[in-house]
Every structure is written in structure tokens, then in C-alpha cells.
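One structure is given here, and the rest of the page talks about it.
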Amino acid sequence: MKDLVEKVTSGDVRTVARLIRDVDDGMPEVREALKELYPYTGNAYVIGITGAPGVGKSTLVDQMVAHLRKRGKTVGVLAVDPTSPFSGGAILGDRVRMQRHSMDSGVFIRSLATRGHFGGLTQSTRSAIDILDAMGKDVILVETVGVGQDEVDVVRSAHTTVIVVVPGMGDDIQAIKAGILEVGDIFLINKSDREGTDKTLNELRLMIEMDQKKFDKGLWKPPIIKVEAVFDKGVDDFLAAVDEHARYLEQTAGGLKSRRSPERVRQEMVEMIKARLFEEVLDKLTETGEFDRAVDAIVKGSLDPYSACEGLVFPALAGLPDEE
Amino acid sequence: MKHERRVRVMVAKPGLDGHDRGARIIARAYRDAGFEVVYTGLHQTPEEIVEAAIQEDVDMVGLSSLAGAHKYLFQTVVELLRERGAEDIVVCGGGIIPDEDIKKLKSAGVREIFTPGATLDEIVKWVKENVKPR
Ligand code: B12
Ligand SMILES: Nc1nc2c(ncn2[C@@H]2O[C@H](COP(=O)(O)OP(=O)(O)OP(=O)(O)O)[C@@H](O)[C@H]2O)c(=O)[nH]1
Ligand SMILES: [Mg+2]
């Protein structure tokens, strides 16, 4: 284990790549590694990039990497694409736009598939961020799957959340209002080489200014920035806005530590407990055959699902082994 | 945690060859077979392909070439993987590749080559039989 920690913290690419695979594949051994690595985390600045399919997230991430490298920062990228619900397979194509950084040893790029997880990220993303953080990457960019309106888990993992829209989304901007608007720290209008940019800008501005009272009290007011990712236009302005948001976090929320505010840690723990309990209980019930027996009984009509659930969960909880 | 290894593969287009129809079709067939497929896009050097394969921790790299430079490109990928201690990543390929080259490539360590006419069923079946998650 000491060896592994040494390899990860010294930036060994194969070890890191393997460890992320183990997390992704849910190998139980990986928990020990994550515990050991945790003390080495908390030093990276995490930026989440989210927005509808095809708005240019990957193109933008590629440009961000280029700009951050020029500033001497090392960068980790996690790019999430959807798993096909039919086959369980996935085409992970975000990397196509970023391949020019493949040979740069200051950049580590990893594609991840959602594997049925909702929220725009994968079950493994949180831990993958920790691993890249422990690896010593200065900035970690997380590209979500092309999301709808309430799939914004990335907010919980990022210091700065960036929402990317494109001109002419029309009604979609209205739809964004509900979920995404509140969580965006920076709004980008990408593809602003296209018609309708100013209209979209105005719509967004109106929507954001509905919260003007909050901003008057000194809360962060999300800037709206026009970019053309594919032509590398506006990316400097955008990164300047990220810097400004980082300064805001520094002054108001403990900077890098803002990812570990009581509120966020609480949320994170709820998620973790949920996942762990589910796994332990279901593993046990599957192993003993109790789960299948209950399903049979419900199908036959000799048991109702509510009683079945109670009859399974409570004994299973009582009988969970101490791990030591 | 569901402790189950998924097969992860990469489909890459080495060299200057711009024929990507085959590569895309193969990538889709792999996805439909339940694999996670990292696609690198066109115009990759062997070095870029190998580095990406390592960062992505794939079990197999599938190379596609229709422009004639396959001998150098495929062989270099195999060699570079070996140099990086990653010879456990299986290499296969396809495209317009003459029979005599197929022999040479196989003895150089490319495990299988598929030429035009190979069915997607065959191609997928081969992965299922020859590539195990590492
Ligand atoms: C369509 C096509 C084009 C399209 C390409 C569109 C695209 N985006 O892909 C266009 C019109 C752009 C084109 C251009 C050119 N083409 Co062209 N093209 C073809 C053609 C007619 C069909 C290729 C194709 O898409 N087949 C369908 C796919 C599904 O088949 P496939 O790729 O072979 O894949 C199968 C197998 O090979 C295998 N496979 C392939 N890759 C992989 C990878 C893995 C991992 C696995 C497991 C299997 C596998 O599985 C697939 C299923 O069986 C071929 C002739 C032919 N019959 O092959 C010429 C051909 C490939 N082209 C040729 C040439 C010369 C050119 C040009 C140079 C022409 C020119 N002078 O401008 C340009 C160069 C383009 C470039 N930038 O590289 C020559 C190449 C000769 C050579 N090898 O030396 C060919 C062979 C025609 C010929 N007989 O002369 N071309
Ligand atoms: N006109 C124009 N096109 C752009 C711009 N930025 C990106 N694109 C194009 O938009 C398309 C999609 O870009 P991606 O970066 O793959 O988009 P994405 O949001 O990552 O897509 P998903 O990951 O599939 O959701 C590509 O063809 C890009 O070249 C831009 O500023 N202007
Ligand atoms: Mg993308």
C-alpha cells in the first residue's frame, strides 16, 4: 500500500490509470487505497463543465487545457459519456477533441462511462477526482454527459461550475431556469460565431438578474461570457472569470477548502452511506438466496413487496459483519 | 460497488489516412456488444495512441488503416506498448491489408487482422474470445 501511495503521489500514470479502473469497476480493495490517498488530496482546483449534448464542452476543455498549460499548471481531465441502456456499452468520444494533449506529461485524460448512474457523472467520479488530486494535478476539469436540467451532481464536486449554452436555444433557456440556473458560477455562450448570440445573452442576463437581491448582498453574480471554443476566442476572458470566482471563494468560503464545507461533506456522506449500505445489504441478500426467494413469493402472490422489503432489510442490517 | 470488470477497448486511426468509416462502424459494433470504447479520432501517431491506451487503461487497442502505412504504424504501436511494460494490452487491426503483410504483422505481435468483408459478428466474437479484462 505504501508503494501504491508513493506511485500515485509521484504521478505514475499506469498506477493512476489502473486505480481509476478499479474504482470504476467497484473493486472492494480500492477502498483501502482511497483511505491512504485521502491525506494527499485537497490541493487541486476542480472545475465542472456541464451543458446540453453537443454544445462544445469537450472542445472547450481542450482549449482550457492548452491555456492552463501555458500558465504552467498541470491538468487532469475526467470526461463522462453515456452508457447505452441497451447494451451496457459506450462510445467514449470526448477524447477525440483533446488528443493533442496526449503526449504532454503534465496532462492526464480519462474517459468514463455513466454505467447507469444518473446526475451527469459516474459513481466513480468523486474518487477519480481524489486520485488525480493526490497525483498532484493543479487543476481538474470534469466534463459531464450532455445533461438535461436537474442532473447537476458536478456542482457538489467542483469549486467552479460552468454552464455552457449555445445561441438559439430558445425555449431551452427557459427550461434551464428551473434546475441549472441556480448552480452555475459562470455561464458561457459557446458558438457565439452563430446568429442569435445577443438574444441568448439577454435572455440569460434577465434570468440571472431575477436574483439581483442576492447579489446586492454580496453573493457571487455569475458572469455571462461569449466564447468560440473551436476558434479559441474568449477562452482567456473565461479563465479570468474562473480566477475571479476562485478569489471570491478564497474570501468567502475558504478557497480550496470550499469543496469540503459542512454542507457538502454532509451531502457527500449521505451519498456514500446510501451506496455502501445498498451494496452490503444487496450483496448479502443475493448471496444467501433470500432476495430471490422474496421475489418468487411476491410473484406467486404469497407475500406483498412492503412486508418483503421489511423482512429483508432489518435482519440484513443486524447481521452486517464488522469489517475488522 | 458492483465488483465487475467491464471490457474497455480503444479504436484508433494511426497515420495520415482519413478513411474513418470502418473505424466508426467497428466502434459502434463494440459498443453494441457491451464494451466501453474509447475513440481517439483521426491522424494519431503511434506514440499518442499508446499514451492514450495507458491513461484509459484499455484491454485492447484496435487499429484501422486503409492507406497502406499499416506495417510501420501497427508494429510501432506493439513495440511502444512493450517498451512501456504494457504488452498485456492486446493489439488487433483491420483495413486494406495484403495477406503477406498480415503474416508479418502477426509475427510482430499484432494478434489479429480483419480485412474488408469481415463481418461485425466475427469481429466482436474475436474480442469476446481473445480479450479478457485485465
Ligand atoms: C469510402 C472510401 C473513401 C471515402 C472515405 C470516407 C470516410 N470518411 O471513411 C473518401 C471518398 C473520402 C475516400 C478518399 C480517398 N480514398 Co478512399 N476509399 C473508399 C472505399 C471505396 C471504401 C472504404 C470504406 O469506407 N469501406 C467500408 C468500411 C466499413 O470498410 P473497412 O474500412 O475496410 O472496414 C472493414 C475491414 O477492413 C475491417 N476493419 C477496418 N478497420 C478496422 C479496425 C479494427 C479494429 C477491426 C477489428 C477491423 C477493422 O472491418 C470492417 C468491416 O469488415 C475504399 C475501397 C474499398 N473497397 O475499400 C477506397 C480506398 C480505401 N481509398 C483509396 C484512396 C487511394 C483514397 C484517396 C487517396 C483517393 C484520392 N486520390 O483522393 C482519398 C484519401 C482520403 C484520405 N484523407 O485518406 C484506396 C486506398 C489504396 C491503398 N490502400 O493504397 C482504396 C482502397 C480504393 C482503391 N482501390 O484504390 N475514400
Ligand atoms: N461553430 C462553432 N462550433 C463549435 C464551437 N465549439 C465547438 N463547436 C463544434 O460543436 C461540435 C460539438 O463539440 P463537442 O466539443 O464535441 O461538444 P460536447 O458538448 O462535448 O458534446 P457531447 O460530449 O457529445 O455532449 C463539434 O463539431 C465542434 O467542432 C464554436 O465555438 N463554434
Ligand atoms: Mg463532449
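Within the stretch A:21-60, restricting attention to residues that are within 14 Å of chain B (Cβ to nearest Cβ) and within 19 Å of residue A:153 (Cα to Cα), the residue that is surrounded by the fewest Cβ atoms within 10 Å (Cβ to Cβ) is A:58. Take residue A:104 and tell me if it is within 16 Å of ligand 2 (Cβ to nearest atom) and either over 27 Å from residue A:250 (Cα atoms) or surrounded by 22 or more Cβ atoms within 10 Å (Cβ to Cβ) (or both). No: the conditions fail for residue A:104.
Of the residues in the stretch A:136-143, at least one is within 14 Å of another protein chain (Cβ to nearest Cβ), part of a loop (DSSP other than H, G, I, E, B) and surrounded by 18 or more Cβ atoms within 10 Å (Cβ to Cβ).
How many residues are at the interface with chain B (Cβ under 7 Å from one of its Cβ atoms) and over 22 Å from the mean Cα position of the chain (by Cα) when one looks only at the stretch A:10-20? Result for the stretch A:10-20: 1. Taking the stretch A:12-33 as the range and being touching a residue at least 24 places away in the same chain (Cβ under 8 Å) and either of a type in the set (Val, Ile, Thr) or within 27 Å of residue A:250 (Cα to Cα) (or both) as the test, the residues that pass are A:13, A:16, A:20, A:23, A:30. Per this entry, residue A:302 is counted among residues that are without any contact (Cβ under 8 Å) to a residue 12 or more places away in the chain and not in a helix (DSSP H, G or I). Residue A:137 meets the conditions (1) modelled with pLDDT of 95 or more; (2) more than 16 Å from ligand 1 (Cβ to nearest atom); (3) in contact with a helix residue (DSSP H, G or I) (Cβ under 8 Å, 6 or more places away or on another chain) in every case but one. The failed one is (3).
When the residues of the stretch A:107-122 are filtered to those that are of a type outside the set (A, V, I, L, M, F, W, C) and within 15 Å of ligand 3 (Cβ to nearest atom), the one that is surrounded by the fewest Cβ atoms within 10 Å (Cβ to Cβ) is A:114.
Residues that are in a strand (DSSP E or B) and either among the hydroxyl-bearing types (Ser, Thr, Tyr) or at pLDDT 95 or above (or both) within the stretch A:50-63 comprise just one, A:50.
The set of residues in the stretch A:82-102 being more than 16 Å from ligand 1 (Cβ to nearest atom) and more than 20 Å from residue B:49 (Cα to Cα) consists of A:82, A:83, A:84, A:85, A:86, A:87, A:88. Screening the stretch B:7-89 for helices (runs of 4 or more DSSP H) wholly inside it with 1 or more residues that are within 11 Å of chain A (Cβ to nearest Cβ), within 13 Å of the chain's Cα centre (by Cα) and in contact (Cβ under 8 Å) with a residue 24 or more places away in the chain returns the ranges B:21-32, B:46-56. Condition check for residue B:106 on (1) within 13 Å of chain A (Cβ to nearest Cβ); (2) surrounded by fewer than 16 Cβ atoms within 10 Å (Cβ to Cβ); (3) not in a loop (DSSP other than H, G, I, E, B): one failure, at (1).
Keeping to the stretch A:61-109, report how many residues are basic (Lys, Arg) and either at the interface with chain B (Cβ under 8 Å from one of its Cβ atoms) or closer than 16 Å to residue B:44 by Cα (or both). Can you show your working first?
Within the stretch A:61-109, the first condition is being basic (Lys, Arg), and the residues that meet it are A:69-71, A:73, A:95, A:97, A:100.
If we keep only those that are either at the interface with chain B (Cβ under 8 Å from one of its Cβ atoms) or closer than 16 Å to residue B:44 by Cα (or both) as well, we get A:95, A:97, A:100.
Looking only at that region, the number is 3.
Okay, residues lined up against (1) touching a strand residue (DSSP E or B) at 6+ places or on another chain (Cβ under 9 Å); (2) of a type in the set (A, V, I, L, M, F, W, C):
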| site | (1), (2) |
| --- | --- |
| A:1 | no, yes |
| A:9 | no, no |
| A:13 | yes, yes |
| A:18 | no, no |
| A:21 | yes, no |
| A:33 | no, yes |
| A:43 | no, no |
| A:47 | yes, yes |
| A:59 | no, no |
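Looking at the stretch B:49-83 only, could you name the residues that are of a type in the set (D, E, K, R) and out of contact with any strand residue (DSSP E or B) (no Cβ under 6 Å at 6 or more places or on another chain)? Those that are of a type in the set (D, E, K, R) and out of contact with any strand residue (DSSP E or B) (no Cβ under 6 Å at 6 or more places or on another chain): B:51, B:57, B:71, B:79, B:82, B:83.
For residue A:275, the test of being out of contact with any helix residue (DSSP H, G or I) (no Cβ under 8 Å at 6 or more places or on another chain) and in contact (Cβ under 8 Å) with a residue 12 or more places away in the chain is passed.
Picking from B:45, B:40, B:76, which residue would you name as being closer than 29 Å to residue A:13 by Cβ and within 16 Å of ligand 2 (Cβ to nearest atom)? The unique qualifying residue is B:40.
The values are calculated or read from the model by the stated rules, or taken from the named source; none is laboratory data. Only a predicted model underlies this, so the values are computations on that prediction, with no experimental measurement involved. Backbone-built Cβ (ideal geometry, glycine too); neighbour counts: all protein chains shown.
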